[in-house]
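Trainee: A single structure is presented below for examination.
The values are calculated or read from the model by the stated rules, or taken from the named source; none is laboratory data. From a predicted model like this one, the values you see are computed outputs, not experimental measurements. Note that we place each Cβ from the backbone using ideal geometry, even for glycine, and neighbour counts take in every protein chain shown. Keep in mind that these areas ignore ligands, DNA and RNA; they rest on the heavy atoms of the full protein, side chains included. Shrake-Rupley method; radii C 1.70, N 1.55, O 1.52, S 1.80 Å.
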Amino acid sequence: MTIATVLRPTSLAEAAAALADTTGSVRIVGAGTAADWAGSPEPADVVLSTTALTGVIVHNPGDMTVAVRAGTPLRELNAMLAVHGQRVASDAARVDLGATIGGLVATADAGPSALVYGCLRDLVIGATVMLADGTVARTGGHVIKNVAGYDLAKLVHGCHGTLALIAELVLRLHPLPGATSTVRLIGSLADSAEAARAVLASPLEPVACEWSNGALLVRLAGTPGALPARLATLLGSAARRLDAAEQEAAWAAHAALVAGPGSRPHVDRAVLRVGARPSRLPAVIAELTSELGATGVTAGLATGVGTVTLPADPDVVARAHQLVYGVGGSSMLRSRPPGCVAPAWGPAPSAIEVLRAVQAELDPRGRLGAGRFHPWM
Amino acid sequence: MTRIDATAQRGFDRVLGAENVISDRARLRSYECDGLTGYRVIPALVLLPRTAEQVAAAVRVCAEHGITFVARGAGTGLSGGALPVADGVVISLQRLRRVLAVDPVDRLAVLEPGVTNLEITKAAAPYGLYYAPDPSSQQVCTIGGNVAENSGGAHCLKYGFTTNHVLALEVVLADGSVVTLGGDTTEQLGPDLRGVFLGSEGTLGIATKVTVRLLRTPEAVRTLLADFPSVAAAGEVVSDIIAGGIVPAAVEMMDTLAIEAAEAAVCAGYTLGVPAALVVELDGPAQECHNQFERVKAICEAHGCTRLHIAADAEERAAIWRGRKSAFAAVGRISPDYFVQDGVVPRTRLAEVLSRIGEMGEAVGLRVANVFHAGDGNLHPLVLYDASAGETARAEKLSAEIAELCVELGGSLSGEHGIGTDKACSMPKMFSEADLELMGRVRDAFDPGGLCNPGKLLPTPRLCGERPGKYRPHPLEAAGVIERL
């Protein structure tokens, strides 16, 4: 096996040249926080790192939009925006690990507050992408409301380094919340699901509603006021409003479960991301736990999105995919130990032919991200 | 007239029943245009399927015979997106209008494409839920059409557009195959093809089943109507509200002419003669909503608000919205004819674009009324003209120039009405050849034969003449915001 050439372009022009002037297969990498997600990449001739494509291109505080190079870590971007009382409203677990905004989009990652703010697909309003031959194309624009042309930023949301390089993104921003508070109710997943239903039926509009580490966590955002008290009353005397330190610790613990044990060689467990209707998620997770030895559970009781950690055994993971598929859900393997050959994906979606056709149109030589959607394409 | 060969016609008769295949010219005429009535084409046939299976079967007949098809919902679109093709068929989705499921626990609804936007909320209301996107035509427009256009509405500043609320789509592709895009949650199995399909204006296939998210009805809603001595002052209020970290459910602005028209039509209680009126609506948990509303009132007063009317009850709130929502149609009261535009500018450039529009109107001797979603910079300039006085061409030109001005100011040709037939030829003002070619490649991936709604969204030589020659720098490029390699 030949050693891949590593290219680290510092501008759009250099990135285009990196693609246009090379041949062979290309693996796009960002900060590497999700390098072991989705299908295992095949050995590539060129590794194209986005980590030098960084920095804000233009921030319009009055319009609440920002254009940024894709290799910028979201943590850094949000620190800069915070000065203006603004943020990109994504709380994906790996933001704090240094994930780039482009990487977060390419992996369709999302955190608990996607419940209210949506996923990054809802926050990206424009993109500059680069095809495998170096062609630069733009989609969307710099305004939050825009229906001109196809919304091709959606095409790279979840592309995992196939189809095109994400070079620049334009994002809509949200104001920093005036205050954030969290109420915790210790209980089983099944009991918490009931409690979550009551919260969602109430007018309190929680921004996150997750079960992890044996407790329901409900987060509220907005001007400080009566909301947390109302929530605590709703959940009963066992519920407790967390102080600032406890709140931070609780959500950090949640994020740690989502991130999983990592891909260190001695670890033999893998993280599976699961999506199922909220009403079905607790039962799916219960079955994953009892039948397949799942641990490290987080369950979005309003979003239906959860994570579990499973033995990194191909058979176990394949059964987990089938189980989720069986209730109409979707699943994808995230971090797993090096050399783990467990299947990253379950049964192919019905639109797989469309996906193959899109790939044939955009990257006819299949240069980008080979292996990421194995065995689908 | 009919250019459909007999075998194909028999194919349609077979899969739909002959009584559901319209070929009578008089009946075909009622499908000749959508809400943009300036463009009219009589299709060869109109097909009236009742089920998704029939839609797929009809599309298979089209594919077999190379017949183009245009999907049509209620026909309320304002960009000619449902304009028929003369030698093609129109597939009307009006008979697929069942609400298949409302699930109050998972807070979603599953709908056939012909269900109207408002019916979704009606079906969800008994559970304290509603469907957020609310285009002005919500009483009649269909969810299938909303999907095609990625429709917005007055409340999309806070709640987003159709794309933010659709979880899954069952789609009939151009070859008649049926696929599902998206799923029960936002977790994706690969690229977001659902999101690509949303807003594709019928050019990638026909949605036959739509799964949407439902939201809980907010605990409190507060609405105010405020008059200002100038459009600039009203614009500053909007900026201050946003800068204050408040995300209103809606912020709408109307100028003198639009107010005059709306009052003539519905007497909603707007003040005649004021330069600008703002409608601001907040919603959410009661205390939160109340606190923010007090701040909004203070901001209005700080900018010289000349009248502040707060809706005391649901009836007064409805009156304020009636005035706003009637503005389009009401313009008919003050002008025999009008064109509606739909450009978007960054919110901070609202005052600038309005004064430029005013100057442009004056220069060609036409009046322009303005109604717009001030919170997100989406303008709806109404170019008033009199066709009988030979003003049509001038008005059409002014209207196109306004859309292109929005692009020049860093915005977009369309915020919610779509490109359709109307603005396809303006697309090169906003997108480069490479951008458009990429869109073309995606279209080819979905529909290699070009059978789905041809001639819409993307400029074609047939529609626009040869592609514009020499490349002109995009305004953002000139400003150094984007670079062209």
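Trainee: Return yes or no: is B:D34 under 24 Å from B:C141 (Cβ atoms), open to solvent by less than 40 Å² (accessible area, probe 1.4 Å) and of a type in the set (D, E)?
Mentor: yes
Trainee: Filter the stretch B:401-433 down to the residues that are open to solvent by 30 Å² or more (accessible area, probe 1.4 Å) and within 14 Å of another protein chain (Cβ to nearest Cβ) and list them by number. Full working, then the answer.
Mentor: Keep residues of the stretch B:401-433 that are open to solvent by 30 Å² or more (accessible area, probe 1.4 Å), which gives B:401, B:404, B:408, B:422, B:425, B:428-429, B:433.
Passing the criteria: B:E404, B:E408, B:D422, B:C425, B:P428, B:K429, B:E433.
Residue-by-condition table, conditions (1) outside the structural domain of A:V358 (by TED's automatic domain parsing); (2) within 30 Å of A:R365 (Cα to Cα); (3) touching a residue at least 40 places away in the same chain (Cβ under 8 Å):
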{"residue": "A:H84", "(1), (2), (3)": "no, no, no"}
{"residue": "A:A99", "(1), (2), (3)": "no, yes, yes"}
{"residue": "A:D109", "(1), (2), (3)": "no, yes, yes"}
{"residue": "A:D122", "(1), (2), (3)": "no, no, no"}
{"residue": "A:T139", "(1), (2), (3)": "no, yes, no"}
{"residue": "A:L163", "(1), (2), (3)": "no, yes, yes"}
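Trainee: Restricting to the stretch B:97-136, what's the tally of residues that are touching a residue at least 40 places away in the same chain (Cβ under 8 Å), assigned to a strand (DSSP E or B) and β-branched (V, I, T)?
Mentor: Here the count works out to 3.
Trainee: Now for a separate question. Scan the stretch A:35-66 for residues that are open to solvent by less than 20 Å² (accessible area, probe 1.4 Å), touching a residue at least 60 places away in the same chain (Cβ under 8 Å) and under 18 Å from A:A167 (Cβ atoms) and jot them down.
Mentor: Within the stretch A:35-66, A:L48, A:T50, A:L53, A:T65, A:V66 qualify.
Trainee: Give the number of residues within the stretch A:185-228 that are under 24 Å from B:D283 (Cα atoms), more than 11 Å from chain B (Cβ to nearest Cβ) and either assigned to a loop (DSSP other than H, G, I, E, B) or among the hydroxyl-bearing types (S, T, Y) (or both).
Mentor: Summing the residues that are under 24 Å from B:D283 (Cα atoms), more than 11 Å from chain B (Cβ to nearest Cβ) and either assigned to a loop (DSSP other than H, G, I, E, B) or among the hydroxyl-bearing types (S, T, Y) (or both) in the stretch A:185-228 gives 1.
Trainee: Right, next: Has the stretch A:148-155 got at least one residue that is touching a residue at least 40 places away in the same chain (Cβ under 8 Å) and within 7 Å of chain B (Cβ to nearest Cβ)?
Mentor: Yes: one or more hits.
Trainee: Which one is nearest to B:F228 (Cα to Cα), of the residues in the stretch B:293-315 that are in a helix (DSSP H, G or I) and touching a Gly at 6+ places or on another chain (Cβ under 8 Å)?
Mentor: Going through the qualifying residues, I end up with B:I299.
Trainee: Would a scan of the stretch B:338-351 turn up a residue that is basic (K, R) and away from chain A (no Cβ under 14 Å)?
Mentor: Within the stretch B:338-351, not a single residue is basic (K, R) and away from chain A (no Cβ under 14 Å).
Trainee: Every residue in the stretch A:235-281 that is hydroxyl-bearing (S, T, Y) and closer than 19 Å to A:A215 by Cβ, please. Talk me through it step by step, then tell me what you get.
Mentor: Start the filter on the stretch A:235-281 by keeping residues that are hydroxyl-bearing (S, T, Y), which leaves A:237, A:263, A:279.
Within the stretch A:235-281, just A:S237 meets the criteria.
Trainee: Please enumerate the residues belonging to the stretch A:70-101 that are within 25 Å of B:D184 (Cα to Cα), open to solvent by 10 Å² or more (accessible area, probe 1.4 Å) and not polar (S, T, N, Q).
Mentor: A:D91, A:A93, A:R94
Trainee: Just to be sure I understand, how many residues within the stretch A:348-362 are in a helix (DSSP H, G or I) and open to solvent by 50 Å² or more (accessible area, probe 1.4 Å)?
Mentor: 4
Trainee: Quick check on this structure: which one of A:L231, A:L163, A:L169 is within 14 Å of chain B (Cβ to nearest Cβ), assigned to a loop (DSSP other than H, G, I, E, B), of a type in the set (A, V, I, L, M) and out of contact with any Pro (no Cβ under 6 Å at 6 or more places or on another chain)?
Mentor: Checking each option against the conditions leaves just A:L163.
Trainee: Something else: Can you tell me which of A:D109, A:D122, A:D96 is within 11 Å of another protein chain (Cβ to nearest Cβ), under 17 Å from the mean Cα position of the chain (by Cα), in a helix (DSSP H, G or I) and among the acidic types (D, E)? Lay out the reasoning, then the answer.
Mentor: Details: A:D109 fails: in a helix (DSSP H, G or I); A:D96 fails: within 11 Å of another protein chain (Cβ to nearest Cβ).
Sole residue among the options that is within 11 Å of another protein chain (Cβ to nearest Cβ), under 17 Å from the mean Cα position of the chain (by Cα), in a helix (DSSP H, G or I) and among the acidic types (D, E): A:D122.
To keep it simple, each residue is scored yes or no on (1) in the same structural domain as B:V251 (by TED's automatic domain parsing); (2) under 26 Å from B:V61 (Cβ atoms); (3) surrounded by fewer than 24 Cβ atoms within 10 Å (Cβ to Cβ).
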position: B:G114; (1), (2), (3): no, yes, yes
position: B:G144; (1), (2), (3): no, yes, no
position: B:D175; (1), (2), (3): no, yes, yes
position: B:T185; (1), (2), (3): no, no, no
position: B:P191; (1), (2), (3): no, no, no
position: B:F197; (1), (2), (3): no, yes, no
position: B:I206; (1), (2), (3): no, yes, no
position: B:V210; (1), (2), (3): no, yes, no
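Trainee: Which residue pairs have Cβ atoms under 9 Å apart, sit 6 or more places apart or on different chains, and have a first residue in the stretch A:269-298 that is away from chain B (no Cβ under 14 Å) and under 21 Å from A:H254 (Cβ atoms) and a second that is in a helix (DSSP H, G or I) and open to solvent by less than 10 Å² (accessible area, probe 1.4 Å)?
Mentor: A:A270/A:V317; A:L288/A:A320; A:L288/A:V324; A:A294/A:I285; A:A294/A:L288; A:A294/A:A320; A:V297/A:I285; A:V297/A:L288
Trainee: Hey, another quick one. Please enumerate the residues belonging to the stretch B:446-470 that are surrounded by fewer than 21 Cβ atoms within 10 Å (Cβ to Cβ), more than 20 Å from B:A86 (Cα to Cα) and either at pLDDT 95 or above or within 13 Å of chain A (Cβ to nearest Cβ) (or both).
Mentor: Of everything in the stretch B:446-470, just one residue is surrounded by fewer than 21 Cβ atoms within 10 Å (Cβ to Cβ), more than 20 Å from B:A86 (Cα to Cα) and either at pLDDT 95 or above or within 13 Å of chain A (Cβ to nearest Cβ) (or both), namely B:P448.
Trainee: Of A:A52, A:A34, which residue is away from every other protein chain (no Cβ under 13 Å), in contact with a helix residue (DSSP H, G or I) (Cβ under 8 Å, 6 or more places away or on another chain) and either at pLDDT below 95 or part of a loop (DSSP other than H, G, I, E, B) (or both)?
Mentor: A:A34
Trainee: Scan the stretch A:1-31 for residues that are under 19 Å from A:V68 (Cβ atoms), of a type outside the set (A, V, I, L, M, F, W, C) and in a loop (DSSP other than H, G, I, E, B) and jot them down.
Mentor: A:R8, A:P9, A:T10, A:S11, A:G30
Trainee: Please determine whether any residue of the stretch A:127-145 is more than 7 Å from chain B (Cβ to nearest Cβ), within 30 Å of A:W345 (Cβ to Cβ), out of contact with any Leu (no Cβ under 9 Å at 6 or more places or on another chain) and outside any loop (DSSP other than H, G, I, E, B).
Mentor: Checked against the condition, which is being more than 7 Å from chain B (Cβ to nearest Cβ), within 30 Å of A:W345 (Cβ to Cβ), out of contact with any Leu (no Cβ under 9 Å at 6 or more places or on another chain) and outside any loop (DSSP other than H, G, I, E, B), the stretch A:127-145 yields no hits at all.
Trainee: Among strands (runs of 3 or more DSSP E) lying entirely in the stretch B:42-94, which contain 3 or more residues that are in contact with a Lys or Arg (Cβ under 8 Å, 6 or more places away or on another chain)?
Mentor: Details: elements: B:45-47, B:69-72, B:89-92.
Hits in the stretch B:42-94: B:89-92.
Trainee: Which of the numbered conditions does A:L323 fail, given that it passes all the others? Conditions: (1) within 21 Å of A:G262 (Cβ to Cβ); (2) surrounded by fewer than 24 Cβ atoms within 10 Å (Cβ to Cβ); (3) touching a strand residue (DSSP E or B) at 6+ places or on another chain (Cβ under 9 Å).
Mentor: All conditions pass for A:L323, except number (1).
Trainee: Moving on. Have a look at B:G361, B:G304, B:G323 and point out the one that is open to solvent by 20 Å² or more (accessible area, probe 1.4 Å) and more than 19 Å from the chain's Cα centre (by Cα).
Mentor: Result: B:G304 is the single residue among B:G361, B:G304, B:G323 that is open to solvent by 20 Å² or more (accessible area, probe 1.4 Å) and more than 19 Å from the chain's Cα centre (by Cα).
Trainee: OK, next. Is it the case that A:G339 is modelled with pLDDT under 95, out of contact with any Leu (no Cβ under 9 Å at 6 or more places or on another chain) and more than 9 Å from chain B (Cβ to nearest Cβ)?
Mentor: For A:G339, the condition - modelled with pLDDT under 95, out of contact with any Leu (no Cβ under 9 Å at 6 or more places or on another chain) and more than 9 Å from chain B (Cβ to nearest Cβ) - is met.
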